[in-house]
1. Answer yes or no: is there a residue in the stretch 70-86 that is small (Gly, Ala, Ser), in contact with a Ser or Thr (Cβ under 8 Å, 6 or more places away or on another chain) and part of a loop (DSSP other than H, G, I, E, B).
2. Determine if the stretch 118-136 includes at least one residue that is among the hydroxyl-bearing types (Ser, Thr, Tyr), in contact (Cβ under 8 Å) with a residue 12 or more places away in the chain and open to solvent by 10 Å² or more (accessible area, probe 1.4 Å).
3. Restricting attention to the stretch 207-230, which residues are of a type in the set (A, V, I, L, M) and in contact with an Asp or Glu (Cβ under 9 Å, 6 or more places away or on another chain)?
4. If we scan the stretch 14-28, do we find a residue that is among the basic types (Lys, Arg) and touching a residue at least 24 places away in the same chain (Cβ under 8 Å)?
5. Would you point out which residue out of ALA146, ALA177 is at pLDDT 95 or above, under 23 Å from CYS222 (Cα atoms) and among the small types (Gly, Ala, Ser)?
6. Looking only at the stretch 211-225, how many residues end up being open to solvent by 30 Å² or more (accessible area, probe 1.4 Å) and either within 28 Å of TYR33 (Cα to Cα) or out of contact with any Lys or Arg (no Cβ under 9 Å at 6 or more places or on another chain) (or both)?
7. Report yes if some residue within the stretch 164-187 is open to solvent by 40 Å² or more (accessible area, probe 1.4 Å), within 13 Å of the ligand (Cβ to nearest atom) and under 17 Å from the mean Cα position of the chain (by Cα); otherwise report no.
8. Hey, among TYR88, TYR33, TYR20, which residue is among the aromatic types (Phe, Trp, Tyr) and under 30 Å from GLU107 (Cβ atoms)?
Amino acid sequence: MVRKDTLARACLLDHPATAYIVPVSRPDGITEYEVTWDDLARDAAWTQERLRALGLERGHHALITFSGHEGVWFQPVIEALRDLGVTYGTAEAMGWDHTRTRVFQRELELRAVLGLSADTLEALSGQAMIGDLFRGTPVVLARPGAAERLREAGVPAGIMAPLGPALAVECAERSGAHVNGAAWEVVERDGALAVAAASERRATGRQEIALDVVGRVLTDRCACGSDDPRVIFG
Ligand SMILES: [Zn+2]
């Protein structure tokens, strides 16, 4: 049987709805949060609109950096880039793969670098000035620690970072990283952040997920026009 036939038959089989299991903190300890394929499709559609608003379009080149275990957050980003027609490359977000980020940055005219980590920047800083590397890239979105370092180096970086099971993506206004308000509530609890699914699928009702992340939440309409809540990290 050729591969095409095998795939066609596989598509006819029943598939579990669960795509990922994410470990999360709840008052009663670490539990598992289930993310379905439908959740991923929803996240991809939301991310696509955020990236479109940042000017990404067909024909652009982008680099995404994330670790192997971060598919639940970055698979929707990849899907969003595909749907936009953006050609993308990927690099591991751990420091040892910084050379791949360097090569993409040097060889391609990148419109966007997404998900930069502090580890990648730390490794790159041994080779070049961080500001020189990324100042010419129109869209740079990084993890909170990395974004702070980039800004200090003169790169107006925004945020793209996991927030519990959700993804936070900052818009061009740079007034906080948006979280999909149709899917998530974000609240402050004693200076730390917590998220809860806006419509809990299970019969257990609303369950808040405490995060080991310090930050504030803004709920007013952003100057970009979005009513999604925004997170100020730190
Ligand atoms: Zn905004």
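The values are calculated or read from the model by the stated rules, or taken from the named source; none is laboratory data. Note that the structure is a prediction, hence the values are computed from the model and not measured. Methodologically, a virtual Cβ is constructed for each residue, glycine included, from the backbone with ideal geometry; neighbour enumeration extends over all protein chains shown. These accessible areas exclude ligands, DNA and RNA; they are computed on the full protein's heavy atoms, side chains included. Shrake-Rupley method; radii C 1.70, N 1.55, O 1.52, S 1.80 Å.
1. Step one: filter the stretch 70-86 for residues small (Gly, Ala, Ser), giving 71, 80, 85.
In the following step, the residues that additionally are in contact with a Ser or Thr (Cβ under 8 Å, 6 or more places away or on another chain) were identified as 80.
Imposing the further condition that a residue be part of a loop (DSSP other than H, G, I, E, B) reduces the set to none.
No; the residues of the stretch 70-86 include none that is small (Gly, Ala, Ser), in contact with a Ser or Thr (Cβ under 8 Å, 6 or more places away or on another chain) and part of a loop (DSSP other than H, G, I, E, B).
2. No: the stretch 118-136 contains no residue that is among the hydroxyl-bearing types (Ser, Thr, Tyr), in contact (Cβ under 8 Å) with a residue 12 or more places away in the chain and open to solvent by 10 Å² or more (accessible area, probe 1.4 Å).
3. VAL217, ALA223
4. Scanning the stretch 14-28 turns up at least one residue that is among the basic types (Lys, Arg) and touching a residue at least 24 places away in the same chain (Cβ under 8 Å).
5. Going through ALA146, ALA177 in turn, the sole match is ALA177.
6. 10
7. yes
8. On the way: TYR33 fails: under 30 Å from GLU107 (Cβ atoms); TYR20 fails: under 30 Å from GLU107 (Cβ atoms).
From the options TYR88, TYR33, TYR20, the qualifying one is TYR88.
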